[in-house]
1. Would you confirm whether or not the stretch 9-28 contains a residue that is open to solvent by 50 Å² or more (accessible area, probe 1.4 Å), within 19 Å of K164 (Cα to Cα) and more than 14 Å from the chain's Cα centre (by Cα)?
2. Which of the residues belonging to the stretch 99-134 are touching a helix residue (DSSP H, G or I) at 6+ places or on another chain (Cβ under 9 Å), of a type outside the set (A, V, I, L, M, F, W, C) and closer than 21 Å to A182 by Cα?
3. Kindly indicate whether E121 is touching a residue at least 12 places away in the same chain (Cβ under 8 Å) and either open to solvent by less than 10 Å² (accessible area, probe 1.4 Å) or not small (G, A, S) (or both).
4. Taking only pairs six or more apart or across chains, which ones have beta-carbon atoms under 9 Å, a first residue in the stretch 199-219 that is within 15 Å of R153 (Cα to Cα) and hydroxyl-bearing (S, T, Y), and a second residue that is open to solvent by less than 60 Å² (accessible area, probe 1.4 Å) and part of a strand (DSSP E or B)?
5. Which numbered condition in (1) touching a Gly at 6+ places or on another chain (Cβ under 8 Å); (2) closer than 24 Å to L24 by Cα; (3) open to solvent by 20 Å² or more (accessible area, probe 1.4 Å); (4) not charged (D, E, K, R) is the only one that A140 fails?
6. Considering only residues that are assigned to a helix (DSSP H, G or I) and open to solvent by less than 20 Å² (accessible area, probe 1.4 Å), which ones fall in the stretch 70-101?
Amino acid sequence: MIIAIDGPAASGKSTVAKRVAFSLGFEYLDTGAMYRAVTLKALERSLNLADATVLGRLAKDLDLSFSSKSKGGSIIAQVFMDGRDISEDIRSPKVTANVSAVAKIPEVRCAMVGLQRRLAEGKDVVVEGRDVGTNVFPEAKHKFFLIASAKERAERRHKEFDEKGYKLDLAALEKDIASRDAIDTTRKDNPLRKADDAVLVDTTGKDIDMVVSEIMNLIKSKG
């Protein structure tokens, strides 16, 4: 069974998806981490982030692997590139600022979507991203689309970076989130949008327990 959880940056989908996967005993797949890995590799090689041919080839040849374990009522996910743990590196401000530009490249998306489908084939998995319910797994049994106000999403991202030792301006983060939203929703290749059969969940003003409970109740009611 596939459960798709989509939404814009900092809408809470990663944390919620991990908790839902833990509660159901499902595997967890973060599609956004894959695009972040491509971005990280491109930045490390000082590649032109607008060169679709080069980045498409990079994405196709990328050596990615994933590992996860249960801890504290959630799932701890690790991402490896060329055997190196890049779980923290892909969450840096620099990668975050550039990932939407890389992810909009059709050649990159084609490579990553193929990998996502292979990784989830024949499994019970909660998959989160931006086009999971509309493109990667349109046949997913359960689909959710998480949203939150731009202000609250910026505050969440600011807290996340602050806890990791990055001191960033809150107003700049809100502007960056708005920019990422614009790129994600207007790209030609499978833009960010709510699937027609997805349940809209507004996480503004809600804590994680509230959102997870809401989604779990919806899953159980549908069966």
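The values are calculated or read from the model by the stated rules, or taken from the named source; none is laboratory data. As the structure is a prediction and not an experimental result, all values here were calculated from the model. Ideal geometry is used to build each Cβ from the backbone, glycine not excepted, and the neighbour counts take in all protein chains shown. Calculation scope for accessible area: heavy atoms of the full protein, side chains included, ligands and nucleic acids excluded. Shrake-Rupley method; radii C 1.70, N 1.55, O 1.52, S 1.80 Å.
1. no
2. Passing the criteria: S100, K104, P106, E107, R109, E128, G129, R130, D131.
3. So E121 fails the test.
4. These pairs meet every condition: T203/L146; T203/I147; T204/I147.
5. Here A140 clears every test but (3).
6. I90, V95, T96, V99, S100 - these are the residues of the stretch 70-101 that are assigned to a helix (DSSP H, G or I) and open to solvent by less than 20 Å² (accessible area, probe 1.4 Å).
Yes/no per residue for (1) under 26 Å from I105 (Cβ atoms); (2) surrounded by 15 or more Cβ atoms within 10 Å (Cβ to Cβ); (3) of a type in the set (V, I, T):
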position	(1), (2), (3)
T134	yes, yes, yes
A150	yes, yes, no
K159	no, no, no
L173	yes, yes, no
A182	yes, no, no
R187	yes, yes, no
